[in-house]
Structure formats: structure tokens, C-alpha cells
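All remarks here apply to the structure that follows.
The values are calculated or read from the model by the stated rules, or taken from the named source; none is laboratory data. This structure is a prediction, so every number in the text was calculated from the model and none was measured. With ideal geometry, Cβ positions are generated from the backbone for all residues, glycine too; neighbour counts draw on all protein chains shown. Quick note on the areas: whole protein, heavy atoms, side chains included, nothing else; ligands and nucleic acids left out. Shrake-Rupley method; radii C 1.70, N 1.55, O 1.52, S 1.80 Å.
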Amino acid sequence: MNEILSACAQQMTQQNGVAFRDWLSLLALVAGICTFIWKLYADTKSARYRETVGFLEKRTAGLMADWKLVQKAVAEGQDFDDAAKSMLGMLDTVALLVKKKAFDKELVYNYWWAYFIDAKKNPAVEEWIKARHDLDKHVLEHFLELHAEFKKRCEAEQAQATITTAPAPPSA
């Protein structure tokens, strides 16, 4: 009888040992997969950041030149169609890449928020955008979405700055 109990105990120990090794293997596999996913996410975020900075640095001078051409043409009452297409096409492309998560939205906001906001402050440019968008709802749709988001964010930041810098009420 003692031998039977001893054999059963030995068999259970072997089975539990195998089960423990299986769990340990599974845990190692899960840890490896989690590490891979975390590394992939970190690399993707880093690549998105690098690509955004590189693109914005290369294109800022061209965008600024197009914006100045648009402003000058509007002020002089001239046609600004080509400069507006170039400028707004670039902004729409950047907005699309932000939406697709190829570009970092925070960097685009910090670098180019004024272009997204100021483009629609000019009544002639606003009318140009409206005319194009009315013909085809997909024209500049990404630009318009990001413009609305950036405008809302700017207004919230300005309201917050006004609240924090408001003078204290006079003490009685």
C-alpha cells in the first residue's frame, strides 16, 4: 500500500512539474509578445515623430512663401488660385497624414497651427475654400477637420490664458 501511495505521489509530482513548466513556458511566451508589441509601439511613435519633424522642416519655407503669395494677391485683388491650391493642398495632405497617424498631431499643432487657423481668417481664402468644398465635399475635408480642431484648441488655450492672467479683484 505504501508503495502505491509513493508511486501516486511521484506521478502527481511529475505531472505538476510538467504543468508548471508548461505555465512557465506560456508566461515566457506572453512576456516576449508583450515586449515585442511595446517595442513596436515605441518605435512607431519615434518614427512618426522623426517623419513629422523632417517633413515640416523641409516644407515650412515653401508653405510660408505660398501663404505670402496668397496674402499679397488678395491684398492686390489678383488671382491667387495656384498659390492657394499649393498651400491648402499641403495643409490637407498634412491633415490626412495626421488622421492616418503617420504624423504626430502635437508637432503639427506646435509648428503649423497658425497656417491652419489663419487660412480661414481671410475672407477671400474662406470663400475660395467654400467654393471648392461645395463642388466636392472631399476637397480639403481633412484640412477643414483639423482646422476646426486646432481652432477649438486655440480658443480654449486663449480662454485659459485669460483666466490665469486676469487681475485679482480689489480687496475690500
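Just a few scattered comments:
- Among the residues of segment 64-78, none is identified as touching a residue at least 40 places away in the same chain (Cβ under 8 Å) and either outside any helix (DSSP H, G or I) or under 20 Å from the mean Cα position of the chain (by Cα) (or both).
- Boolean, residue 51 is without any contact (Cβ under 8 Å) to a residue 24 or more places away in the chain, within 21 Å of residue 146 (Cβ to Cβ) and acidic (Asp, Glu): no
- Output for segment 135-159, where each listed residue is among the acidic types (Asp, Glu) and surrounded by 10 or more Cβ atoms within 10 Å (Cβ to Cβ): 141, 145, 149, 155, 157
- In segment 91-134, residue most open to solvent (accessible area, probe 1.4 Å) [restricted to those that are assigned to a loop (DSSP other than H, G, I, E, B) and under 14 Å from residue 148 (Cα atoms)]: 121
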